[in-house]
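Heads up: the structure comes next, in structure tokens.
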Amino acid sequence: MSTTTQNLSTDHSRATADEAHSHGVGATPESSRAARLTSFEVGDFPVPNGREEEWRFSPVDRLAPLFAADTDGKLTGHGVLTTVVDAPEVTVEIVDRDDARLGLAGKPGDRAAAVAWASAPRATVVTVPAEAVASAVTSVRVEGVEGNDEPSAAHILVHAKPLSQATVVIDHVGGANLTETVEVVAEDGAHLTVVSVQDWAEGAVHNAAHRVRIGRDATVKHIVVTLGGDVVRLTPDAEFVGEGGSVEMLGVYFADAGQHQEQRLFVDHAVPNCKSRVTYKGALQGEGAHTVWVGDVLIRAAAEGTDTYELNRNLVLTDGARSDSVPNLEIETGLIEGAGHASATGRFDDEQLFYLQARGIPETDARRLVVRGFFAELINEIGVPEVEARLIDAIERELAQSMSEFASALGTESTAGGDFASDVTEQTDGERAILSEPASVTSADEKL
Amino acid sequence: MSTLEIRDLHVSVETKEGPKPILRGVDLTIRSGETHAIMGPNGSGKSTLAYSLAGHPKYQITSGTVTLDGEDVLAMSVDERARAGMFLAMQYPVEVPGVSVSNFLRTAKTAIDGEAPALRSWIKDVNVAMEKLRMDPEFSERSVNEGFSGGEKKRHEILQMELLKPKIAILDETDSGLDVDALRIVSEGVNRVRETSDVGVLLITHYTRILRYIQPDFVHVFVDGRVAEEGGPELAERLENEGYDRFLVPSA
């Protein structure tokens, strides 16, 4: 039996360096991601209309309050409350916006990020002292203030000093209209895990610019988990500033009817001998569920010895959901260890369902097994037990919901001879771009 | 004692040109303890019969009946058929990434029996069955069928047959693609289930080779969607010597 999941992947480990190599969307306005504007000045970014590359998948009307078009690029709301439970080895401060430690991990890359930078009155700074090893998880809770949906800004800095080791979980709950800056600075030799959980209540709108700076021989694990909220748009940027750095960026998302979950990543290999791994997986169910994954990787001419791979997989569980997946890889040097990406969006595989049912497993249980299996490997890589357990629970809840909808749908049609005919579903323009690549690119078959 | 009765079964598949009839009136009766070999050339409908009995939605039953001890199999969903005691060892087992073999086996056993198996004896049963099929213990932690070799996939199918203890087992070209060693291991597994239970077996194969390891009680030759000839084990020998040619000429 053929699997119905479309598997598109390319391997660029043997790519040559005669010219910059990009295969994203034809409409990309700049020739290189490196040329994309970044600035601390809100005024440098016109109010988005949805046709810009950064916003073309986004519901800009719903995000509009975060653009502060009528208030000169500044928000004054106090719609969220930030509290921290810190590990004993870690220090937490609330600092004014002019604190010298802020703004060191790169500049905003779009209007909402610039508004976040310009508007946050104070910042929460979590510092892991040099050589400190945190004995517990540090939890930062960003909670929407009930009854206050004023557009608001927040700023968090996680700063791991040289040779330190810590895990920080940033949790977003409640209802809010929030544009947020999360700066992550891992100095030389630090081992830092940062998890951002978007578990918002219905109605929440959240834009977050994560800017991660990885020092010499530093190891960063950056994880995003997006479950709740109406619109969640994340732009994690990772920049290497010293040789020997390593970043692993993991993402799990589960979109229900009407939810928009977008993640745009940018990994900037500017120095030699660094390693990046990006793995994002999402499931979608319900009318209007929309997920977006854009993964930009730039290997600059100086970044010899780079080793990078990015992967995105989406599992479409029902009709009416849409998933866009666009990997972009630019390579300016041929002296690299490896570079590749894979993107696949597939419908629920009915042959898997048949196989499991043929062993007596009822359809709802079989579906649950398959979806759990889809996420299992990635969840095991998170390495933060409380986040893993919570995520498994959340996925169970999402599935319970879809199963009940599924069961009621079944009530109206015969179970025998159901619709097993589905094949590949949403093929995004990014995937089309890969499909139409020159034949010289080696195709690498790779496993989930 | 169980009896699977197939009466005048007609099955079509949907094609771009409309429904295409594949099975054109199949009659078969399989009782507990019996082993029936179904042989036939490619395209004769052997696998269609297997998948239709298991309830694959690709196949439309246009007429006829299938009953298991009088119960209407065709009215059952895929999982209900399995729980009623039917088992299909598939020619192309499906990969289920992220679901371990041990989790899969336990989930299936629980579904078939209606209750979770006692943990200690279950683990022992699984380990013993795996050992007999020469499967490495680490196998149980791998994802179902993912990265399995052809022989591993077939052994995994027979492992399930041993553990789930069906009333009627349909083996769809379990021998295809196996080397002699793997064929022998798989056949021994099938014979163990035959000796230790009352299973009725429907053994679908293109080649007579597997019948040297698994002795059938009855041989049915499938041509053009129906049984063209029936007999005992001697019919298989005749097919081995003569091939299917004599069945193919007149049907043209």
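The values are calculated or read from the model by the stated rules, or taken from the named source; none is laboratory data. Worth saying up front: this structure is predicted, and the values here are computed from it rather than measured. All Cβ positions, even for glycine, are placed from backbone atoms using ideal geometry, and neighbour counts span all protein chains on display.
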Right, A:Gly203: surrounded by 24 or more Cβ atoms within 10 Å (Cβ to Cβ) and in contact (Cβ under 8 Å) with a residue 40 or more places away in the chain or not? no
It is to be established whether one or more residues within segment B:151-165 are within 14 Å of chain A (Cβ to nearest Cβ), out of contact with any strand residue (DSSP E or B) (no Cβ under 8 Å at 6 or more places or on another chain) and over 20 Å from B:Val96 (Cβ atoms). yes
Being hydrophobic (A, V, I, L, M, F, W, C), facing chain B (nearest Cβ under 8 Å) and within 17 Å of A:Glu396 (Cβ to Cβ) is the filter here, so list the residues in segment A:350-382 that pass it. A:Ile361, A:Ala366, A:Leu369, A:Val370, A:Phe374, A:Phe375, A:Ala376
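A quick yes/no check of all residues on (1) more than 23 Å from A:Ala116 (Cβ to Cβ); (2) of a type in the set (Phe, Trp, Tyr); (3) touching an Asp or Glu at 6+ places or on another chain (Cβ under 7 Å):
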{"residue": "A:Asn177", "(1), (2), (3)": "no, no, yes"}
{"residue": "A:Ala186", "(1), (2), (3)": "no, no, no"}
{"residue": "A:Asp217", "(1), (2), (3)": "yes, no, yes"}
{"residue": "A:Arg233", "(1), (2), (3)": "no, no, yes"}
{"residue": "A:Gly244", "(1), (2), (3)": "yes, no, yes"}
{"residue": "A:Asn273", "(1), (2), (3)": "yes, no, yes"}
{"residue": "A:Tyr280", "(1), (2), (3)": "no, yes, no"}
Would you check which residues across segment A:69-111 are over 24 Å from the mean Cα position of the chain (by Cα), of a type in the set (A, V, I, L, M, F, W, C) and surrounded by fewer than 19 Cβ atoms within 10 Å (Cβ to Cβ) and list them? A:Ala69, A:Val85, A:Val92, A:Ile94, A:Val95, A:Ala100
Restricting attention to segment B:175-187, which residues are at pLDDT below 95 and either under 15 Å from the mean Cα position of the chain (by Cα) or among the polar types (S, T, N, Q) (or both)? B:Asp175, B:Ser176
Please specify each residue of segment A:207-229 satisfying the condition of being farther than 19 Å from A:Asn273 by Cα and out of contact with any Lys or Arg (no Cβ under 7 Å at 6 or more places or on another chain). A:Ala208, A:Ala209, A:His210, A:Arg211, A:His222, A:Ile223, A:Val224, A:Val225, A:Thr226, A:Leu227, A:Gly228, A:Gly229
Among the residues of segment B:200-214, what is the count of those that are surrounded by 22 or more Cβ atoms within 10 Å (Cβ to Cβ), touching a Lys or Arg at 6+ places or on another chain (Cβ under 7 Å) and not in a strand (DSSP E or B)? 0
When B:Asp136 is run through (1) surrounded by 16 or more Cβ atoms within 10 Å (Cβ to Cβ); (2) more than 14 Å from chain A (Cβ to nearest Cβ), the failure sits at (1)
Restricting attention to segment B:148-174, report how many residues are over 14 Å from the mean Cα position of the chain (by Cα), in contact (Cβ under 8 Å) with a residue 24 or more places away in the chain and over 27 Å from B:Pro117 (Cα atoms). 2
By residue number, the members of segment B:159-178 that are in a loop (DSSP other than H, G, I, E, B) and either among the polar types (S, T, N, Q) or more than 22 Å from B:Val144 (Cα to Cα) (or both) are B:Lys167, B:Thr174, B:Ser176
Apart from one, (1) more than 14 Å from chain A (Cβ to nearest Cβ); (2) crowded, with 21+ Cβ neighbours inside 10 Å; (3) basic (Lys, Arg) all hold for B:Arg184; the odd one out is (2)
Quick one: which of B:Glu146, B:Glu115 is within 9 Å of chain A (Cβ to nearest Cβ) and not in a helix (DSSP H, G or I)? B:Glu146
I'm trying to understand the selection: among the residues of segment A:99-140, which are out of contact with any Ser or Thr (no Cβ under 6 Å at 6 or more places or on another chain) and of a type in the set (S, T, N, Q)? A:Ser119, A:Ser135, A:Thr138, A:Ser139
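Which residue out of A:Leu335, A:Leu298, A:Leu329, A:Leu317 is under 29 Å from A:Glu243 (Cβ atoms), in contact with a helix residue (DSSP H, G or I) (Cβ under 7 Å, 6 or more places away or on another chain) and not hydroxyl-bearing (Ser, Thr, Tyr)?
A:Leu298
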Need pairs with beta-carbon distance below 9 Å; first residue away from chain A (no Cβ under 14 Å) and within segment B:45-67, second among the hydroxyl-bearing types (Ser, Thr, Tyr); sequence gap 6+ or separate chains. B:Lys46/B:Thr205; B:Thr67/B:Thr3
Counting only strands (runs of 3 or more DSSP E) wholly inside segment A:265-371, the ones holding at least 1 residues that are among the aromatic types (Phe, Trp, Tyr) are A:275-284, A:290-299, A:307-316
Select from segment A:309-325 the residues that are under 19 Å from A:Val224 (Cβ atoms), surrounded by fewer than 24 Cβ atoms within 10 Å (Cβ to Cβ) and away from chain B (no Cβ under 14 Å) and list them in ascending order. A:Tyr309, A:Asp324
Every residue in segment B:77-112 that is part of a helix (DSSP H, G or I), more than 25 Å from B:Glu5 (Cβ to Cβ), touching a residue at least 40 places away in the same chain (Cβ under 8 Å) and at the interface with chain A (Cβ under 8 Å from one of its Cβ atoms), please. B:Phe104, B:Ala108
Checked segment B:1-44 for anything outside any strand (DSSP E or B) and more than 14 Å from chain A (Cβ to nearest Cβ); matches are B:Met1, B:Ser2, B:Glu17, B:Ser32, B:Gly33, B:Glu34, B:Gly40, B:Pro41, B:Asn42, B:Gly43, B:Ser44
